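The values are calculated or read from the model by the stated rules, or taken from the named source; none is laboratory data. Treat the numbers as computed from the prediction; the structure is a model and nothing was measured. Heads up, the Cβs are rebuilt from the backbone with ideal geometry, glycines too, and the neighbour counts pull from every protein chain shown.
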Amino acid sequence: MTSDSSLPKASSPRTILVTGGSSGLGLATCHALADAGNTAIGIVDINAEATEAALAELRAKGVPCAAAVGDITTRDSAEALTAEIVKALGGLTGLVNCAGVYPRRPILDITDADWDFSFSVNVRGLYNMTIAAVARMEGNAPVRNIRGRVLNVSSIDAFKPHPKNAHYAAMKAAVVSLTRSLGLELAPKGILVNGIAPAGIATAKAHAAGFVPELTAQSAIGRAAEPEDIADVIAFMMSDANRYMVGETVVTAGGYYIP
Ligand SMILES: NC(=O)c1ccc[n+]([C@@H]2O[C@H](COP(=O)([O-])OP(=O)(O)OC[C@H]3O[C@@H](n4cnc5c(N)ncnc54)[C@H](O)[C@@H]3O)[C@@H](O)[C@H]2O)c1
């Protein structure tokens, strides 16, 4: 599946950083954003090999792009990774917080290490990257009153019980909450913070793990979401056409669960 070519085109030059942009939904998001034209893409990811491959795909399309390989879980590393992207691409107008981890553990067996790992990437890393990005976006010239956009990737699991992965679901609920608070705080500064809550996606990893039949059965549409189904919604939310959403998380779940 490819991105929808009728999505809004970027009306002015923009530079968007995508965390976790080297695989799965993050990579599809890089392509969907780039396909809007006028867009430079920065990838921040911990996986060096996958990041090089992702950059090669974007370069082959003629997209201006750069990457910073590292871990988003500390404030210092998130700041350094963001600085590297801004230096390479000359600015920042948007951030997609897509990096995430979701190792499963039954609810009665979750260890301290499981909690800490899930929190460090899914919540603290997302927060760290947002703080670093907002510091750059505040100084941008406003376009229709907007200086920048942040999009947080949550999950449908934020809204429903998930005893097979309760710590992940709790972290994604925290992302919904952070999106609300950051949205309200930053809107007066011209920065729109919003989120998306997808259901299971038929990524390459989901195919390899044999999850796709289960995802298909859960969908009211009769098929699992392709990464592009979600990436196109993100591309819209990162476009100039999104100018009045503040702190909102858009459920995009094919009817799997309707909160
Ligand atoms: N796949 C799904 O079914 C699904 C459903 C709902 C929500 N989501 C969310 O979508 C996002 C992407 O999921 P995906 O399935 O594409 O996952 P993925 O594992 O393919 O991609 C995640 C990326 O994040 C990077 N990453 C992980 N930890 C990092 C760290 N500490 N610092 C920097 N980068 C790091 C990984 O290297 C990887 O490239 C996640 O936030 C996930 O929770 C996924």
Practice item. Name the single residue, out of those in region 37-71 being polar (S, T, N, Q) and over 18 Å from ASP4 (Cβ atoms), that is surrounded by the most Cβ atoms within 10 Å (Cβ to Cβ). Key: THR51
Point to revise | Condition met for ALA208 (buried (at least 16 other Cβ atoms within 10 Å of the Cβ) and modelled with pLDDT of 95 or more) | key: no
Review point. Take the residues of region 189-206 that are in contact (Cβ under 8 Å) with a residue 60 or more places away in the chain and within 14 Å of the chain's Cα centre (by Cα): which is nearest to ARG149 (Cα to Cα)?
Key: VAL193
Practice item. Would you point out which residue out of ALA166, ALA209, ALA202 is within 15 Å of the ligand (Cβ to nearest atom), touching a Leu at 6+ places or on another chain (Cβ under 7 Å) and over 21 Å from ASN97 (Cβ atoms)? Key: ALA202
Exercise for review: Kindly check whether there is at least one residue in region 163-177 that is assigned to a helix (DSSP H, G or I), in contact (Cβ under 8 Å) with a residue 24 or more places away in the chain and in contact with a strand residue (DSSP E or B) (Cβ under 6 Å, 6 or more places away or on another chain).
Suggested key: yes
Practice item. Please state which one of THR19, THR82, THR29 is over 28 Å from GLY200 (Cβ atoms) and surrounded by 24 or more Cβ atoms within 10 Å (Cβ to Cβ). Key: THR82
Practice item. Could you look through region 216-235, keep only residues that are assigned to a helix (DSSP H, G or I) and without any contact (Cβ under 8 Å) to a residue 24 or more places away in the chain, and pick out the one that is farthest from the ligand (Cβ to nearest atom)? Key: ALA217
Exercise for review: State whether one or more residues within region 184-198 are outside any strand (DSSP E or B), closer than 20 Å to VAL96 by Cα, within 14 Å of the ligand (Cβ to nearest atom) and not acidic (Asp, Glu).
Suggested key: no
Check your understanding: What do you reckon, is ALA34 closer than 22 Å to ARG149 by Cα, away from the ligand (no atom under 13 Å from the Cβ) and either among the aliphatic types (A, V, I, L, M) or surrounded by 24 or more Cβ atoms within 10 Å (Cβ to Cβ) (or both)?
Key -> yes
Exercise for review: Could you grab the pairs with beta carbons closer than 6 Å, sequence gap of 6+ or different chains, first residue in region 94-105 and more than 15 Å from ASN128 (Cα to Cα) and in contact (Cβ under 8 Å) with a residue 24 or more places away in the chain, second one more than 6 Å from the ligand (Cβ to nearest atom) and part of a loop (DSSP other than H, G, I, E, B)?
Suggested key: ARG104/LYS164; ARG104/ASN165
Practice item. Answer with yes or no whether ALA68 is in contact with a helix residue (DSSP H, G or I) (Cβ under 6 Å, 6 or more places away or on another chain) and either within 11 Å of the ligand (Cβ to nearest atom) or more than 30 Å from ALA209 (Cα to Cα) (or both). Key: yes
Exercise for review: Might you check whether a residue that is surrounded by fewer than 18 Cβ atoms within 10 Å (Cβ to Cβ), of a type in the set (S, T, N, Q), away from the ligand (no atom under 16 Å from the Cβ) and not in a strand (DSSP E or B) occurs anywhere in region 98-111?
Suggested key: yes
Exercise for review: Consider THR74 carefully, then state whether it is exposed (fewer than 15 other Cβ atoms within 10 Å of the Cβ), at pLDDT 95 or above, within 15 Å of the ligand (Cβ to nearest atom) and among the hydroxyl-bearing types (Ser, Thr, Tyr).
Suggested key: yes
Exercise for review: Give me a count of the residues in region 212-235 that are touching a Leu at 6+ places or on another chain (Cβ under 9 Å) and surrounded by fewer than 16 Cβ atoms within 10 Å (Cβ to Cβ).
Suggested key: 1
Point to revise | Selection count, region 132-148, where residues are surrounded by fewer than 21 Cβ atoms within 10 Å (Cβ to Cβ) and within 15 Å of the ligand (Cβ to nearest atom) | key: 0
Review point. Which one of the conditions (1) surrounded by fewer than 24 Cβ atoms within 10 Å (Cβ to Cβ); (2) away from the ligand (no atom under 15 Å from the Cβ) does ARG14 fail to meet, given that it meets all the rest?
Key: (1)
